[in-house]
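A.B. asks: Dumping the structure here so I can ask a few things about it.
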Amino acid sequence: MNVLKIIEYLRAKAASLKIAFFVFLGALVLLDILLPREDAHYFVDKIYAFWTLFALAGCFLLIKISKGIAHLFLSKDEDYYG
Amino acid sequence: MDSWIHPALFFFVGALLLPLLRGKAKKGFILLIPIAAIASVASAQNGIYGVYHFLGVEGVFGRVDKLSMVFAWVFVIMAFLGALYALHREEDGHHMAGFFYVGSALGALFAGDYLTLFIFWEGMAFSSVFLIWYRREKKSIEAGFRYLLFHVFGGLLFFAGMMLYYHKTGSLAFNSILPANASWPEYLILAGFALNAAVLPLHAWLPDAYPEATVEGAVFLCAFTTKTAVYVLARGFSGFEILAIMGTAMTVFGVCYAVIENDIRRVLAYHIISQVGYMVAGVGIGTAMAVNGAAAHAFAHILYKALLFMGAGSILYMTGTAKLSRLGGLYKYMPLTMIFYVVGAVSISGFPLFSGFVSKSMIVSAAHHEGRIWLMSWLNLAGIGTFLSVGLKVTYFAFFGKEAAEPLQAKDPPLNMLWAMGLTALLCFLIGVFPQMLYALLPFPVEYHPYNLAHLSEAMQILAFTGLVFYLMVKKLTPEAKWNLDVDWFYRKGTLLFMKFDAKVIAPFDTLWGELYRTLGLRALFKNAELSYAFDRKAIDGVVDGTAYSVMDFGSVVKKMQTGKIQTYIGLSLFLFFAILWLVL
């Protein structure tokens, strides 16, 4: 099956993919800095790469808080309700 | 056009005729019914059809306008895809329940008054529960009963509101309500609608029931109940601020649970709450763009969420489990399922070229336009959680990640399921590439272009950097074989605790009370009886006897004038009469 071959090929090239991914991230930030901002009204539009910072902080907190609350009191045994 | 065949009619009649057919004719018939309904929707012209009078109330079966039509289109398309996905199922009852469910949802869409709406509203609850029960497991039976009870409760809220509304306005017409005019009746109706839209804290029925449904039933369930609720909210309650706030809260709440859940179908079920949250928020913001966004998002969501449930269902169907902690490395065995699931996942995450990008962003942009930056930020935070949980976590831990401990000898599911997934995936892609097709159906004129630089940059930053955090924290996200509590605890465990409280506190108190009564109460009763007896003998009997003796004396007098002794009997009888009377009283 072709799909399998493609996936196996990509998995073998994981290191190069990683570099490509980081280059892509850098390019995104650069692009956002170069973006024209004439009709920016709010702070989310004015700050350079705002959504990069938002995603980094938001995703980190989302994982930490969700997992934290789960471990604190939400998580029970699988057959909790029998 | 003067006449129009209501699409629901095809489903109702089709469901009744289904058991008469056998073999290939039946399979063909199952696909033909939704196609006939699609033709009916395609032929519909705006207008009012099927007006009837019942108990002095004017009811409307067919209110066809742009708002009802955009939902009707996606409902009938979804009915076809769902029927195709379920085609291999042998039980007639399952297909019939699906048809009655879709028919009721369409009936609710086109209803022009509360009474008609209510009838179809209840029809949806009572037909859809069979899609849960047909799994025939103890957990499903129990979850089905809880689902039904919860929806009956919601129906009662709606019914109570409807009665009060009739009392207030003298009409049952279902039209837009201004927030300023709303009081108890309107808010009761709103609560009934909100329960079906899984608005917090009335949401727990959804992640409780949907993951327990049959593989095919869940595909139907995820599409119709919550989206009918979004439709009625958009019709009646747009601009209600509470919906903007609760909807935004739902978006974040849903993804938080999706991040920690283990069963794929539970991840997806919690994620429905999050996605419906976007629509509820759009309705709450209430501008033309926001309501358009809610309708567009409902359209796109029905397709990609069904696609995701189809993918998860295929995994469950072929491997026997949907628990991420027991899955892994499935890309080798189910490559097509993986591709289709990933299309659903990138659509829901809002990748450019897929449907979520052109629908979700309308709601986010509407919040931005209105200067509601905090709402917009929370909605984008939920977007991060969407890609993190449904996009990355499930894809990675089910299809890649570590190979499962028990070897999975799965392969891709039967052809009908693959075709259903393929067609749904194609639609998700087409909507993403040609958004104008979808925008043309929306209730208000659209002046929105999703593919602009600022929006592309915003979306790509959010997605790519969420990917980066996932890459760095993937170990933290390893699914755990655990059960996470939700507010259903209150009626699932809370009632058991109440029973324990009853056994430990209320029952002993009851026993103590019994003892008290036996010792003090009975003694008092005996004393009272003694006193009554004495009073009876000394006072009452004296009077009665006195009367009787007088009668006897009178009798003796009479006796002298009579032969026989009948007067003695009369006296005795009177005495006995009073004695019996006293005893009885």
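A.B. asks: Check which residues have an amide H placed less than 5 Å from B:GLY239's amide H, if you skip close sequence neighbours.
C.D. replies: Amide H to amide H, under 5 Å and 5 or more residues apart or across chains, B:GLY239 pairs with B:GLY284, B:ILE285, B:GLY286.
A.B. asks: Let me ask you something else. Tell me, what HN-Hα J-couplings in whole Hz come from the Karplus equation 6.51 cos²θ - 1.76 cosθ + 1.60 at θ = phi - 60° for each residue of region B:172-177, using x for Gly and Pro?
C.D. replies: Rounded to whole hertz, the list is 10, 4, 9, 10, 5, 10.
A.B. asks: Compute the normalised compactness of chain A: alpha-carbon radius of gyration over 2.2 N^0.38 Å, N being the residue count.
C.D. replies: Computed over Cα atoms of chain A, the ratio equals 1.75.
A.B. asks: Give the residue list of trypsin sites (Lys or Arg not before Pro) in region B:17-79 that are DSSP loop and have at most 14 other beta-carbon atoms within 10 angstrom.
C.D. replies: Those that pass, being in a loop and sparsely packed, are B:ARG22.
A.B. asks: Taking neighbour Cβ counts within 10 Å as the exposure measure, how do B:HIS297, B:HIS369, B:HIS455 sort from fewest upward?
C.D. replies: Arranged by neighbour count, lowest to highest, B:HIS297, B:HIS369, B:HIS455 become B:HIS369, B:HIS455, B:HIS297.
A.B. asks: Take every residue in peptide B:485-496, count the Cβ atoms of other chains within 10 Å of its Cβ, and give the average of those counts.
C.D. replies: 2
A.B. asks: Taking the Cβ of B:PHE29 as the centre, find all other residues whose Cβ is under 13 Å away and add up their charges (Lys, Arg: +1; Asp, Glu: -1).
C.D. replies: Summing Lys/Arg as +1 and Asp/Glu as -1 gives +3.
A.B. asks: Now for a separate question. What average count of beta carbons from other chains do you get within 10 Å of the Cβ of residues in B:385-391?
C.D. replies: Partner Cβ neighbours, averaged per residue: 2.
A.B. asks: Now for a different question. Residues with amide H under 5 Å of A:LYS76's amide H, sequence separation 5 or more or different chain, H placed in the peptide plane at 1.01 Å from N; which?
C.D. replies: B:TRP483, B:ASN484, B:LEU485
A.B. asks: Now for a different question. Which whole DSSP H helices in chain A pass both tests: a Cα extent of 24 Å or more along the axis and a mean Kyte-Doolittle value no lower than -0.5?
C.D. replies: What comes out of the filter, once short or polar helices are dropped, is A:14-34, A:50-69.
A.B. asks: Hey, another quick one. Given a cut-off of 19 Å, name the pairs among B:LYS139/B:LYS482; A:LYS67/B:LYS305; A:LYS64/B:LYS482; A:LYS64/B:LYS393 whose C-alpha atoms lie farther apart than that in the structure shown.
C.D. replies: Violating the 19 Å limit, Cα to Cα: A:LYS67/B:LYS305.
A.B. asks: Next question. Out of all Cα-Cα pairs in chain B, roughly what percent, to the nearest whole number, are more than 45 Å apart?
C.D. replies: 29
A.B. asks: On to the next question. Express in whole angstrom the spacing between the alpha-carbon centres of region B:394-448 and region B:528-545.
C.D. replies: What the calculation gives is 92 Å, centre to centre.
A.B. asks: Among A:VAL23, B:VAL291, B:VAL57, which comes first, then next, by fewest other beta-carbon atoms within 10 Å?
C.D. replies: If I rank by nearby Cβ atoms, fewest first, I get A:VAL23, B:VAL57, B:VAL291.
A.B. asks: Right, another one. Please give the calculated 222 nm ellipticity per residue for the protein assembly as shown, where each DSSP H segment of at least 4 residues contributes -39500 (n - 2.57) and the sum is spread over every residue; nearest 500 deg cm²/dmol?
C.D. replies: Result for the protein assembly as shown, helices only: -23000 deg cm²/dmol.
A.B. asks: Using the Cα centre of the protein assembly as shown as origin and beta-carbon charges of +1 (Lys, Arg) and -1 (Asp, Glu), tell me which of B:MET310, B:VAL446, B:SER349 is placed farthest towards the positive end of the dipole.
C.D. replies: B:MET310
A.B. asks: Okay, next question. B:SER176 versus B:VAL433, label points 7 Å from Cα toward the beta carbon: distance in nm?
C.D. replies: If labels sit at B:SER176 and B:VAL433, their model points lie 3.6 nm apart.
A.B. asks: If you don't mind, another one. If I histogram all Cα-Cα distances within the protein assembly as shown using bins 10 Å wide from 0, what percent of pairs lands in each bin?
C.D. replies: Result, from short to long distances: 3, 14, 23, 22, 13, 6, 4, 4, 4, 3, 2, 1, 0, 0 percent.
A.B. asks: Report the charge-dipole magnitude of region A:2-74 in Debye, nearest 20, computed about the Cα centre from +1 at each Lys and Arg Cβ and -1 at each Asp and Glu Cβ.
C.D. replies: Taking the Cα centre of region A:2-74 as origin, the dipole is about 480 debye.
A.B. asks: Okay, moving on. So which chymotrypsin sites (Phe, Trp or Tyr not before Pro) in region A:1-47 end up in coil per DSSP with only 15 or fewer other C-beta atoms within 10 Å?
C.D. replies: Filter output for region A:1-47: A:TYR42.
A.B. asks: Report, by chain and number, residues whose modeled amide H sits under 5 Å from the one on B:VAL51, excluding near sequence neighbours (fewer than 5 apart, same chain).
C.D. replies: Amide H neighbours of B:VAL51, under 5 Å, 5+ apart: B:PHE61.
A.B. asks: Could you go through region B:51-61 in sequence order and give the Karplus-derived ³J(HN,Hα) for each residue, using 6.51 cos²θ - 1.76 cosθ + 1.60 with θ = phi - 60°, rounded to whole Hz, and x for Gly and Pro?
C.D. replies: 7, 9, 10, 9, 6, x, 10, 8, x, 10, 7
A.B. asks: Cβ neighbours within 10 Å, averaged per peptide: list B:340-346, B:465-471, B:350-356 in order, most packed at the top.
C.D. replies: Top to bottom by mean Cβ count within 10 Å: B:340-346, B:350-356, B:465-471.
A.B. asks: Using Cβ counts within 10 Å as a stand-in for footprinting exposure, how do B:ILE242, B:ILE77 rank, fewest first?
C.D. replies: B:ILE242, B:ILE77
A.B. asks: If you plug each phi of region B:281-287 into the Karplus form 6.51 cos²θ - 1.76 cosθ + 1.60 with θ = phi - 60°, what whole-Hz ³J(HN,Hα) values come out, in order, with x for Gly and Pro?
C.D. replies: 4, x, 4, x, 4, x, 6
A.B. asks: Further question: Taking the Cα atoms only, what angle lies between the long axis of helix B:92-110 and the longest principal axis of chain B, rounded to 10 degrees?
C.D. replies: Result, in degrees: 90.
A.B. asks: Here is a further query. Could you list, in their original order, any pairs among A:LYS13/B:LYS411; A:LYS5/B:LYS402; B:LYS227/B:LYS360; B:LYS323/B:LYS402 whose Cα atoms are separated by more than 21 Å?
C.D. replies: Table pairs above 21 Å Cα-Cα are A:LYS13/B:LYS411.
A.B. asks: What trypsin sites (Lys or Arg not before Pro) in region B:325-416 are in a loop by DSSP, with at most 16 other Cβ atoms within 10 Å of the Cβ?
C.D. replies: B:LYS402, B:LYS411
A.B. asks: Same structure, new question: Over the whole of B:255-261, what's the average partner chain Cβ count within 10 Å per residue? Rounded to a whole number, please.
C.D. replies: 5
A.B. asks: Counting Lys +1, Arg +1, Asp -1, Glu -1, what net charge surrounds B:ALA579 among other residues with beta carbon under 12 Å of its beta carbon?
C.D. replies: Once all neighbours under 12 Å are counted, the net charge is -2.
A.B. asks: Could you please report the charge total around B:GLU241, scoring K, R as +1 and D, E as -1 over all other residues with beta-carbon less than 15 angstrom from its beta-carbon?
C.D. replies: With Lys, Arg at +1 and Asp, Glu at -1, the neighbours total -1.
A.B. asks: In addition: Working from Cα positions, state the angle (0 to 90°, nearest 10) between the long axis of helix B:184-196 and the longest principal axis of chain B.
C.D. replies: 60
Any read-out appearing in this document is the output of simple, stated calculations on the displayed coordinates, not a laboratory observation. Note that the structure is a prediction, hence the values are computed from the model and not measured. Heads up, the Cβs are rebuilt from the backbone with ideal geometry, glycines too, and the neighbour counts pull from every protein chain shown.
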